[in-house]
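Scroll down for the structure; my scribbles are underneath it.
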Amino acid sequence: MAIGIDMWVKVAAAAGGGICMGLGAVGAAIGEGYTASQATPAISRHPKQAGDIMKSMLVGQAIAESASIFALVIAILLLFIDVQAANILKAPALFGAGICMGFGAVGCGIGSGFPGGQACKGLARQPQMGSRLTTNMLIGSAVCQTPAIFSMVVALILIFMDFSNAPISPTWAAILGAGLSTGLAAIGSGYGGGTAAGASCEGIARNPASVGSVTTTMLVGQAVSQTPSIFGLLVSFILLFKSFPESSGIQVPMALLAAGLSTGFGGIGPGLGNGMAAEGAVRWVARNMESAGELMRIMLVGQAVSQSTAIYAMVVSLVLIFVV
């Protein structure tokens with residue numbers, strides 16, 4: 001039985017939608033579970049604060065869930081959008097949108113659970129700091145969601161962009177590479193940003209006077225942790241918006257697909273490592289405010305070294321796109 005273009009597009013959209021929501025549910029559920037796991041001992045430690053701790057838990061869980069909501073939006077679009085496909089390239093575009101948003105939601109969902117859980121524990125230790133803990137949790141969790149937003153942006157571009165005038169090969173590989181680059185790179189950045197945010201809530205509860213220094217260190221550390229996902233977004237944009245001449249061989253498509261994989265996988269470790277460096281600095285700033293400047297400098301040097309591997313991956317991706 002011959003399968004037409006419309007059928008291939010529907011198959012790709014269905015597969016992309018399923019993968020998108022399946023992966024999107026993983027991170028959010030883990031992050032929400034972590035928040036709840038920290039709320040229960042907090043209530044046991046300070047039963048009179050049960051109401052406030054419960055509220056903080058629910059707010060933290062709601063933010064962690066936002067990554068899966070992004071995945072749900074993309075999955076619904078993939079399943080119900082009416083695509084009048086004139087080109088087979090719409091199939092890899094829709095599938096690429098699904099894997100981009102699915103992977104992009106994993107790390108952000110998990111990472112957003114850390115500040116929620118630590119805010120619950122902090123409320124049991126310092127009930128009078130409830131407002132500051134909630135504010136810090138919201139800020140830290142919001143930054144954790146930025147890689148998921150990058151993934152959603154790329155997914156929407158893949159869904160609605162017109163590829164009808166592009167050659168089938170190597171464009172199909174560039175499309176899939178774009179989805180993988182941003183989606184995979186978001187895993188490490190989302191998780192790493194969450195570890196820094198969690199340490200900040202812990203630090204404020206330990207030493208309320210350190211709130212200014214802790215918040216500043218957290219935001220700087222999170223900003224550096226987000227850069228691997230920005231590299232992934234950059235490579236995705238190049239793959240999506242650069243014109244590639246038609247190719248009948250396999251070398252050029254594989255080079256473009258490998259470019260996306262290089263920056264995507266290459267961003268996971270640096271995102272995690274940058275988050276670990278930020279977590280350590282934030283935690284110890286709360287214990288030794290006088291050394292905040294020195295701790296931040298050490299954090300930035302350590303993050304720069306960890307970040308270098310993401311830069312190597314991006315350089316290889318650019319070579320694969322423009323040279324190979």
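Tabulated values for the structure
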item	result
Among the candidates Ala155, Ala178, Ala174, residue that is closer than 22 Å to Ile63 by Cβ and modelled with pLDDT of 95 or more	Ala155
Ala277 out of contact with any His (no Cβ under 8 Å at 6 or more places or on another chain), crowded, with 24+ Cβ neighbours inside 10 Å, over 25 Å from Ala205 (Cβ atoms) and not β-branched (Val, Ile, Thr)	no
Flag if Ala25 is at pLDDT 95 or above and of a type outside the set (Asp, Glu)	yes
From Ile53, Ile76, Ile63, residue being in a helix (DSSP H, G or I), loosely packed, with under 15 Cβ neighbours inside 10 Å, among the β-branched types (Val, Ile, Thr) and in contact (Cβ under 8 Å) with a residue 24 or more places away in the chain	Ile76
Candidates Ala205, Ala186, filtered to the one that is touching a helix residue (DSSP H, G or I) at 6+ places or on another chain (Cβ under 6 Å) and under 28 Å from Phe70 (Cα atoms)	Ala186
Residues (surrounded by 24 or more Cβ atoms within 10 Å (Cβ to Cβ) and more than 19 Å from Phe231 (Cα to Cα)) located in segment 152-170	Pro170
Matching helices (runs of 4 or more DSSP H) fully within segment 207-324 where at least 1 residues are on the phi < 0 side of the Ramachandran plot and basic (Lys, Arg)	268-287, 292-322
Hits in segment 150-182 (condition: assigned to a helix (DSSP H, G or I), more than 19 Å from the chain's Cα centre (by Cα) and in contact (Cβ under 8 Å) with a residue 40 or more places away in the chain)	Ile159, Ile168, Ser169, Pro170, Thr171, Trp172, Ala173, Ala174, Ile175
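Here is a yes/no grid of residues against (1) aromatic (Phe, Trp, Tyr); (2) surrounded by 22 or more Cβ atoms within 10 Å (Cβ to Cβ); (3) touching a helix residue (DSSP H, G or I) at 6+ places or on another chain (Cβ under 6 Å); (4) at positive phi:
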{"position": "Phe103", "(1), (2), (3), (4)": "yes, yes, yes, no"}
{"position": "Gln118", "(1), (2), (3), (4)": "no, yes, yes, no"}
{"position": "Gly122", "(1), (2), (3), (4)": "no, yes, yes, no"}
{"position": "Gln128", "(1), (2), (3), (4)": "no, no, no, no"}
{"position": "Ser131", "(1), (2), (3), (4)": "no, no, no, no"}
{"position": "Asn136", "(1), (2), (3), (4)": "no, yes, yes, no"}
{"position": "Cys144", "(1), (2), (3), (4)": "no, yes, yes, no"}
{"position": "Ala148", "(1), (2), (3), (4)": "no, yes, yes, no"}
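The values are calculated or read from the model by the stated rules, or taken from the named source; none is laboratory data. Keep in mind that this is a model prediction, so the values were computed, not measured. Glycine also receives a Cβ, built like all others from the backbone with ideal geometry; neighbour counts cover every protein chain displayed.
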